[in-house]
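A short write-up of the structure that comes next.
Read-outs throughout are calculated quantities, based only on the coordinates presented, and are distinct from any laboratory measurement. Bear in mind the structure is a predicted one, so any value in this text is a computation, not a measurement. Heads up, the Cβs are rebuilt from the backbone with ideal geometry, glycines too, and the neighbour counts pull from every protein chain shown.
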Amino acid sequence: MNEIVLASRNPNKIEELRALLSLPDVRILSTTDFPELEEVEEDALTLEGNALKKAHYVAMVTGLPSLADDTGLEVSALNGAPGVYSARYAGEQASYEDNVEKVLSEMSQTNERKAQFRTVVAFVDADKQWIFEGVCTGQISRHRKGAGGFGYDPIFVPDGFDKSFAEMNPTQKNAISHRGLAMKKAVAFLQEWA
């Protein structure tokens, strides 16, 4: 049986990625299965750079194929911010709540609410690498809506919907989300790879 290591320590992200990786002949591991792995500093200037950096490191240390993603919320009124800094927008130790609050605060005086979530998935196997991307366009709401999801989900309303990601069940969200779209491309590739 083939094995793939998810290059993430974020329990929310691991759960979401496992749900999206419907590969019956592949055993899905994560960095939590390898205590020797160190935290990878996400200091690249692009989502692609961070995803590749994490996937290469985990593949090198474990000797197994690795899959990593990096996601950014890109808000028009904030000139594309928080972007690659989405996880630490309000500071290095910022919580999801801190980041959401900073975006809402910075957008409090504007009616321009357009935004998009963008996910880049990197898959590294030995000396080869592949990139898959997913984009979900939407709006930033004026206040938090819903208790599900994580990160910016309570303030992101995808185009064509009147509820936030945090108000959707995981199946609804994964069918249209940036990560869901990127992972569909990755899964199509991995079905052939496996």
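How would you rank 13, 184, going from fewest to most other Cβ atoms within 10 Å of each one's own Cβ?
In order of increasing Cβ crowding within 10 Å: 184, 13.
Pop out the Kirkwood hydrodynamic radius of region 2-193 from its pairwise C-alpha distances, inverse of mean 1/r, in Å to one decimal.
16.9
Could you work out, for region 152-194, what percent of all Cα-Cα pairs fall into each 10 Å distance bin, beginning at 0 Å and stopping at the bin that holds the largest distance?
28, 45, 19, 9
What nm value, rounded to one decimal, do you get for the distance between residue 101 and residue 162 when each label is placed 7 Å out toward the C-beta?
3.1
Run the helix sum for the chain: -39,500 (n - 2.57) per DSSP H stretch of 4+ residues, divided by residue count, reported at 222 nm to the nearest 500 deg cm²/dmol.
The helix-only estimate for the chain comes to -9500 deg cm²/dmol at 222 nm.
Could you give me the radius of gyration and the Dmax of region 62-166, taking only the C-alpha atoms into account and expressing both in angstrom?
15.2, 50
When the C-alpha atoms of region 36-112 are aligned to their principal axes, what extent does each axis show, in angstrom, from largest down?
Taking max minus min along each principal axis of the Cα atoms, region 36-112 gives 50, 21, 15 Å.
With a 10 Å cut-off between alpha carbons and a GNM built on the chain, which of 63, 148, 160 moves the most?
It is 160.
Using a cut-off of 18 Å between alpha-carbon atoms, which aspartates and glutamates can reach residue 128, once sequence neighbours fewer than 8 places away in the same chain are excluded?
Excluding near neighbours in sequence, the set is 3, 48, 69, 192.
Using only the alpha carbons of region 126-186, what is the convex hull's orientation-averaged projected area in square nanometres?
4.8
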